[in-house]
Amino acid sequence: MMKIAVLVSGGGTNLQAIIDAIDAGKITDARICLVLSNNKNAYALERAKAAGIPALAISPKDYESRDLFNEAMLEAVLGSGAELVVLAGFLCVIPPRMVEAYPNRIINIHPSLIPSFCGTGYYGLKVHEAALERGVRVSGATVHFVDAGTDTGPIILQKAVEVLSSDTPGKLQLRIMEQAEWKILPEAIQLIVHGRVTVEGRRVIIAEE
Ligand code: GRF
């Protein structure tokens, strides 16, 4: 049974997709041992509590320095016994010590087809504003391993979503969440839990079932 810590900052719809996938048997042999948020008001914490999952909020404001916050975050994750860390709408930078503690065992969901519209400053609606401004006909979502960079780790899964002429950033965001994020994040977790994902250099190899 793989223990998973899910880090959140906002509404928690991706967390909910993971919870629902476990309940539906689409993710097997895994359980969420901790939901941790940097935002005490994140609705994702309510979702965790409703599902009976241990939930913890630690705010950078409560620590004298970012380093002390980072240490507290790492201690909480390690203390939960998590073997996989999932960033589900988590907006804090992951400190190098956490990346070192979890080599190719931290994954992130990003709402674009990396390497487009990613990196510093590309998060939430800003990603979709940039996609619409560039006029792409296709966008989507990416699940990738977290390395020392921002959205630069090996890509595990991607799913494309058509961009419509009538799209606003909000409409595109919702469609990418519904059609891509909420599907490929649980799928990536199931692949990892069942040992079907290996990293060779910057490439991810997914073993056939
Ligand atoms: C989603 O668009 C996700 O791609 C991004 O954060 C947003 C909020 O997700 N990383 P959630 O509803 O909090 O899961």
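Cβ separations smaller than 6 Å between residues 6+ apart or across chains give the following pairs from region 9-31 residues that are more than 7 Å from the ligand (Cβ to nearest atom) and of a type outside the set (D, E, K, R) to residues that are in a loop (DSSP other than H, G, I, E, B) and open to solvent by less than 10 Å² (accessible area, probe 1.4 Å): A21/I27.
Listed by first and then second residue, the pairs linking a residue in region 177-198 that is outside the structural domain of I32 (by TED's automatic domain parsing) to a residue that is of a type in the set (F, W, Y), with Cβ atoms under 9 Å apart and 6 or more places separating them unless they lie on different chains, are V197/F145.
Residue-by-condition table, conditions (1) assigned to a helix (DSSP H, G or I); (2) modelled with pLDDT of 95 or more; (3) assigned by TED's automatic domain parsing to the domain that holds G79; (4) open to solvent by 10 Å² or more (accessible area, probe 1.4 Å):
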site	(1), (2), (3), (4)
A5	no, yes, yes, no
G11	no, yes, yes, yes
I27	no, yes, yes, no
N41	no, yes, yes, yes
E46	yes, yes, yes, yes
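Rundown of residues vs (1) outside any helix (DSSP H, G or I); (2) more than 14 Å from the ligand (Cβ to nearest atom), yes/no style:
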{"site": "R97", "(1), (2)": "no, yes"}
{"site": "I109", "(1), (2)": "yes, no"}
{"site": "S112", "(1), (2)": "yes, no"}
{"site": "P115", "(1), (2)": "yes, yes"}
{"site": "G119", "(1), (2)": "yes, no"}
{"site": "H128", "(1), (2)": "no, no"}
{"site": "V136", "(1), (2)": "yes, yes"}
{"site": "S139", "(1), (2)": "yes, no"}
{"site": "T150", "(1), (2)": "yes, no"}
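Can you say whether A76 is more than 16 Å from the ligand (Cβ to nearest atom), open to solvent by less than 50 Å² (accessible area, probe 1.4 Å) and not in a strand (DSSP E or B), as far as the supplied structure shows? Answer is yes for this residue.
In this structure, is A44 free of Cβ contacts under 8 Å to residues at least 24 places away in the same chain, within 14 Å of A5 (Cα to Cα), touching a strand residue (DSSP E or B) at 6+ places or on another chain (Cβ under 6 Å) and within 16 Å of the ligand (Cβ to nearest atom)? First the steps, then the outcome.
Details: free of Cβ contacts under 8 Å to residues at least 24 places away in the same chain: no; within 14 Å of A5 (Cα to Cα): yes; touching a strand residue (DSSP E or B) at 6+ places or on another chain (Cβ under 6 Å): yes; within 16 Å of the ligand (Cβ to nearest atom): yes.
So A44 fails the test.
State which residue is least open to solvent (accessible area, probe 1.4 Å) when the search covers only region 152-168 and only residues that are of a type in the set (A, V, I, L, M) and assigned to a loop (DSSP other than H, G, I, E, B). If you could, list the steps in order and put the result at the bottom.
The initial filter retains those residues of region 152-168 that are of a type in the set (A, V, I, L, M), namely 155-157, 160-161, 163-164.
Checking which are assigned to a loop (DSSP other than H, G, I, E, B) leaves us with 163-164.
Values: V163: 12, L164: 72 Å².
Applying the filter and picking the extreme gives V163.
The values are calculated or read from the model by the stated rules, or taken from the named source; none is laboratory data. No experiment lies behind these values; they were computed from the predicted model shown. Because the Cβ atoms are built from the backbone with ideal geometry, glycine has one as well, and the counts that use them run over all protein chains shown. We work out accessible area using only protein heavy atoms, side chains counted, and drop any ligands, DNA or RNA first. Shrake-Rupley method; radii C 1.70, N 1.55, O 1.52, S 1.80 Å.
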